[in-house]
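These notes are about the structure you will find just below.
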Amino acid sequence: MALREILRMGDGRLLRVAQPVPESMFGSAGMNELIGDLLETMKAAVGAGIAAPQIGVDLRVVIFGGTGKNARYPDAPEIPFTVLCNPLLEPLDNELSAGWEGCLSVPGLRGEVPRYERLRYSGRDAAGAEFVCVVDGFHARVVQHEVDHLDGVLYPRRVEDMTKFGFTDVLFPTL
Ligand code: NI
């Protein structure tokens, strides 16, 4: 495991549509190394999740959860640690809810972003096993945020009310 540099907004590598994980990579040493690096980097930065493109790896891999209560999102429910490769997201209905998001690639800022409230996601774990999960609320938000990274989308693009986008310490001076 190694602590990796987190790319910041403005780096073109964050804007790529990432490549699917090839069959040969599931269960490999290379996959285990990538997951280890993502986990160490996410924990060091106290993130709720991280996507491979954020450390410059052009693959459709995200990890999230497993960190207990997140200091950056103290009111959010705990999310189990998940490795999600080649994901497919399917909203269960059209209900959107607005919530605050931050991103390790956009340090110091927060924005209010509409996301689907309920969705089903499917994909493969690090060993290649297929799985399906039905989630809502904060868990659904985190999945949508992380999977957006795989399509080169950073959350500021999804902020609709620009009065609700700014520096965390200015928006929330009591935090
Ligand atoms: Ni992010």
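Values quoted throughout were computed directly from the atomic coordinates according to the rules given, and no laboratory measurement underlies them. None of the values given here were measured: they were computed from a predicted structure. Neighbour counts are summed over all protein chains in view; Cβ atoms, including those assigned to glycine, are modelled from backbone coordinates with ideal geometry.
The residue of the range 127-175 that is nearest to the ligand (Cβ to nearest atom), among those that are part of a strand (DSSP E or B) and touching a residue at least 12 places away in the same chain (Cβ under 8 Å), is Phe165. Of Val106, Val83, Val62, all but one fail to be in contact with a helix residue (DSSP H, G or I) (Cβ under 8 Å, 6 or more places away or on another chain) and away from the ligand (no atom under 13 Å from the Cβ); the exception is Val83.
Of the strands (runs of 3 or more DSSP E) contained entirely in the range 1-118, those carrying at least 2 residues that are crowded, with 19+ Cβ neighbours inside 10 Å fall at 49-51, 61-64, 82-91, 109-116. From the list Gly47, Gly30, which one is of a type outside the set (A, V, I, L, M), farther than 24 Å from Ala140 by Cβ and out of contact with any His (no Cβ under 9 Å at 6 or more places or on another chain)? Among Gly47, Gly30, only Gly30 is of a type outside the set (A, V, I, L, M), farther than 24 Å from Ala140 by Cβ and out of contact with any His (no Cβ under 9 Å at 6 or more places or on another chain).
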